[in-house]
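Report on one structure; see the data block that follows.
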Amino acid sequence: MLTPFSPDAIGLAVGIGVVVVILLIVVISLLRGIKVAKPDEAIIVTSRQRVAKVGSEAGESAGQRVVFGSRVFVKPIIEAYFKLSLRSRQLNVQATAQTRDAITIRVNAVAVVKVGGSEAMVRAAAQRFLNQQDQIESSTEEVLSGSVRSIVGQLTVTEIITNRSALQGQVLEAVRESLDVQGLQIDTLQIKEIDDDNGYIRDLGRGEAARVKQVAEIAESVSRQASEEARINADQAVSEAQRRLDLRRAEIQKETDKARAEAAAAAPLAEAIAQQAVVSQQEVTAGKRVGLRKQELDAEIRAAADADAYAVQKRAEATAAASIANANAARDARKSAAEAIEAEGIADRNRRRSAAEATEAEGIADKNRRIAAAEALRAEGEAEADATRATGAALADSSRAQAEALSERSVDLLRQQIIAKLPEIVRAAAEPLAGISNMTLISTDGNATGQLNQSVAGQLASSTQLIKDLVGIDIADLVNARAAGDAAGTAFAASDSAKGRRKPATPTEGTPAS
């Protein structure tokens, strides 16, 4: 049996104490290994680097775990943990840049930046800012300042001032990629102020300020005008009300005076009314008398009119009966005439049919006659055409022979024709002398007739010379040749005649004498 102070009891107590201590140490270690991430921070747990699986993300972050807003157990000795703040950071961004239109301006902006909420962005931010998280602001300010200067250089001052949202959007678009690489993201970016040292922006607003001032002055003038018009209208309304009041007072006074006058003239008026009533009664009596007389006259005239109307009615009835009888007779006559006309029409139609048939037969016969006549005429035409063609051929042959003869003996024929026209030529040359009724000839040698003959001979010579010049034929040569030819022909004829008388011709054997 163990006693409290026996060695075995002491050893058991020591063992139990050691076990309890060890258990306490284990529990404390376990409790200290549990880490809780706040809502605005992330815990990064690192351990030995695991081998990356096929198809998964590989790299330096293969042995890291990221925990957001929950607890995680960090294994003592073999794992370590680090905290990275995810809270937002406000940055004042200032940038001085030159715009596209060569104006230097200062841009003051406010940005809110934080570490991204994804594991990849937390790991990227932890690699760069884990032990120097206070440099997140300065690094981001530099990136934003550079982007603002770059974007400002692409815009004009007017574009920047009038469309700040476009500048903000372009800056955010420009820095998004570089901040994503660093694991940062911008929540908001606001342009606070845009200014310059030379008052350029202020001068740009002076025109608009002047316009606004002008609009305000115009509005103020319009307001004053409206107020003045309202006051004038109010005065006019008061004056109009006063005028209506005066008119109403005048009307009341007029009615009062009228009542007084009527009261003063009541007695004469009553007497006049009584007299007017008497006159009215007399007028009624006279009207009744006139009505009675009118009724009497109406009765007399109506009786005479009734008698005349009865006589007219009787005469009209007689006339109507006579008209009906005449109409019936005319209708019967027209009916008879229509029947006669119908019978005559039937007979005429038969006659026309017979005449048409006769005309048709005559037309057929006439057509046959015309056909026969046409055939005869065609035969006659063909015969005439044949005769005409034969005559034309003969005339063509004759003309061709004449043309050939004319071409061969054209000169002789021309000479013959000129010789035949010599009497006309001589006559034409003497015509000027034939037209003279009286002529006086003066001659120095006493031979006046000779001079006349010489004149005629000179005209004839001029004519022959003219013909020679025009056609190249000498009439004197023709005459001499004609005379020589005639003489030679006569001589040959006489010689042949003499030979014939001395020795008659002997006929050839077998051929009768001519």
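The values are calculated or read from the model by the stated rules, or taken from the named source; none is laboratory data. Computed from a prediction, not measured in an experiment: that's the story for all the values here. Cβ coordinates were reconstructed from backbone atoms using ideal geometry, including for glycine residues, and neighbour counts include every protein chain displayed.
Data for the structure
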read-out: Residue in segment 150-172 that is crowded, with 17+ Cβ neighbours inside 10 Å and small (Gly, Ala, Ser) present; value: no
read-out: Failed item in (1) touching a Leu at 6+ places or on another chain (Cβ under 8 Å); (2) exposed (fewer than 15 other Cβ atoms within 10 Å of the Cβ), with THR99 passing the rest; value: (2)
read-out: Hey, GLN170 part of a helix (DSSP H, G or I), outside the structural domain of ALA97 (by TED's automatic domain parsing) and at pLDDT 85 or above or not; value: no
read-out: Among (1) free of Cβ contacts under 8 Å to residues at least 60 places away in the same chain; (2) aliphatic (A, V, I, L, M); (3) under 30 Å from PHE129 (Cβ atoms), the one test that ILE218 misses; value: (3)
read-out: Exclusive hit being touching a helix residue (DSSP H, G or I) at 6+ places or on another chain (Cβ under 9 Å) and of a type in the set (D, E, K, R), set GLU262, GLU240; value: GLU262
read-out: Test set (1) under 21 Å from VAL66 (Cβ atoms); (2) among the charged types (D, E, K, R); (3) in a loop (DSSP other than H, G, I, E, B) - ASP101 fails condition number; value: (1)
read-out: When residues of segment 102-135 are limited to those that are closer than 27 Å to VAL152 by Cα and without any contact (Cβ under 8 Å) to a residue 60 or more places away in the chain, the one surrounded by the most Cβ atoms within 10 Å (Cβ to Cβ); value: GLN135
read-out: Pairs, first within 21 Å of PHE129 (Cα to Cα) in segment 65-84, second loosely packed, with under 12 Cβ neighbours inside 10 Å and of a type outside the set (Lys, Arg), C-beta under 6 Å, six or more apart; value: GLY69/PRO39
read-out: Subset tally (residues that are in contact with an Asp or Glu (Cβ under 8 Å, 6 or more places away or on another chain) and among the charged types (D, E, K, R)) for segment 106-161; value: 2
read-out: Of all residues in segment 5-60 being surrounded by 11 or more Cβ atoms within 10 Å (Cβ to Cβ), at pLDDT below 80 and of a type in the set (Ser, Thr, Tyr), the one that is farthest from ILE77 (Cα to Cα); value: SER6
read-out: Filter result (within 26 Å of GLY199 (Cβ to Cβ) and of a type in the set (Val, Ile, Thr)) within segment 143-184; value: VAL148, ILE151, VAL152, THR156, VAL157, THR158, ILE160, ILE161, THR162, VAL171
read-out: Any hit, segment 136-157, residues being more than 60 Å from the chain's Cα centre (by Cα), without any contact (Cβ under 8 Å) to a residue 12 or more places away in the chain and not in a helix (DSSP H, G or I); value: no
read-out: Segment 174-228, residues that are in a strand (DSSP E or B) and either modelled with pLDDT under 85 or within 20 Å of SER150 (Cα to Cα) (or both); value: GLN185, ILE186, THR188, LEU189, GLN190, ILE191, LYS192, GLU193, ILE194, ASP195
read-out: Subset of segment 74-92 [exposed (fewer than 13 other Cβ atoms within 10 Å of the Cβ) and among the aliphatic types (A, V, I, L, M)]; value: ILE77, ILE78, ALA80
